[in-house]
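K.L.:
Before we start, here is the structure in question, set down as structure tokens.
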Amino acid sequence: MVEFKVVVNDTKNGKSHNILVSGHHANSLVGKKIHDEVDGIFVSLPGYKLLITGGTDKNGFPMRKDLPGTMRKRLLLSKSLGFKPKDSGVRKKKSVRGSTINQDVVQINMKVVKHSSKPIEDIIKTEAKKGEEAKKEEQK
């Protein structure tokens, strides 16, 4: 089963929220690309519209929007996403991941494009309470 750590950046107040997504919601994110708009229901945020801005795979390699597909490639990079040289003009071969989400991606970065009437903090708190109640019932 696919499981993602989704980092949602709230552009209104500048806070980021970590949300664990698994099950059929995670499966619906597979195949989406960087700069695709996603409904917030997939990330347990109903009423929100989210924009995929990037992510990392299971080995920590970043996703690049200009590399199509899901594969990992070694590219010759100058100063850009995935490589920050100390001197100017330095180039280096680095591994980066393509722009499409697949099972190897662990973290997905998103930002809020359209806000809902309820704040994200309230929605996340209610989800956490439901999860705690379910764990207590399993223990009984």
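The values are calculated or read from the model by the stated rules, or taken from the named source; none is laboratory data. Note that this is a predicted model, so its numbers are computed, not measured. Counting neighbours? That spans all protein chains shown, and the Cβs are built from the backbone with ideal geometry, glycine included.
K.L.:
Looking at segment 41-84, which of the residues that are touching a helix residue (DSSP H, G or I) at 6+ places or on another chain (Cβ under 8 Å) and β-branched (Val, Ile, Thr) is farthest from Met110 (Cα to Cα)?
P.N.:
Top of the filtered list is Ile41.
K.L.:
Could you say which residue among Phe61, Phe42, Phe4 is closer than 25 Å to Ile124 by Cα, over 11 Å from the mean Cα position of the chain (by Cα) and among the aromatic types (Phe, Trp, Tyr)?
P.N.:
Phe42
K.L.:
With the requirement that a residue be within 12 Å of Val112 (Cα to Cα) and without any contact (Cβ under 8 Å) to a residue 60 or more places away in the chain, what does segment 16-34 give you?
P.N.:
Ser16
K.L.:
A follow-up question, please. Across segment 98-118, which residue is farthest from Lys58 (Cα to Cα) among those that are hydroxyl-bearing (Ser, Thr, Tyr) and modelled with pLDDT under 95?
P.N.:
Ser117
K.L.:
Among the residues of segment 1-50, write down those that are hydroxyl-bearing (Ser, Thr, Tyr) and outside any helix (DSSP H, G or I).
P.N.:
The answer is Thr11, Ser16, Ser22, Ser44, Tyr48.
K.L.:
Continuing with the same structure: Scan segment 28-77 for residues that are surrounded by 15 or more Cβ atoms within 10 Å (Cβ to Cβ) and of a type in the set (S, T, N, Q) and jot them down.
P.N.:
The answer is Ser28, Ser44, Thr53, Thr56, Thr70.
K.L.:
Hey, does segment 41-49 have a residue that's of a type outside the set (Gly, Ala, Ser) and closer than 11 Å to Val113 by Cα?
P.N.:
The answer is yes; a qualifying residue exists.
K.L.:
Right, next: Within segment 1-55, count every residue that is in contact with an Asp or Glu (Cβ under 6 Å, 6 or more places away or on another chain), more than 23 Å from Arg72 (Cβ to Cβ) and among the β-branched types (Val, Ile, Thr).
P.N.:
0
K.L.:
Which numbered condition in (1) surrounded by fewer than 16 Cβ atoms within 10 Å (Cβ to Cβ); (2) assigned to a loop (DSSP other than H, G, I, E, B) is the only one that Asp122 fails?
P.N.:
Unmet condition: (2).
K.L.:
Name the residue that is farthest from Leu20 (Cα to Cα), counting only residues in segment 85-117 that are in contact with a helix residue (DSSP H, G or I) (Cβ under 9 Å, 6 or more places away or on another chain) and not in a strand (DSSP E or B).
P.N.:
Out of the qualifying residues, it is Ser116.
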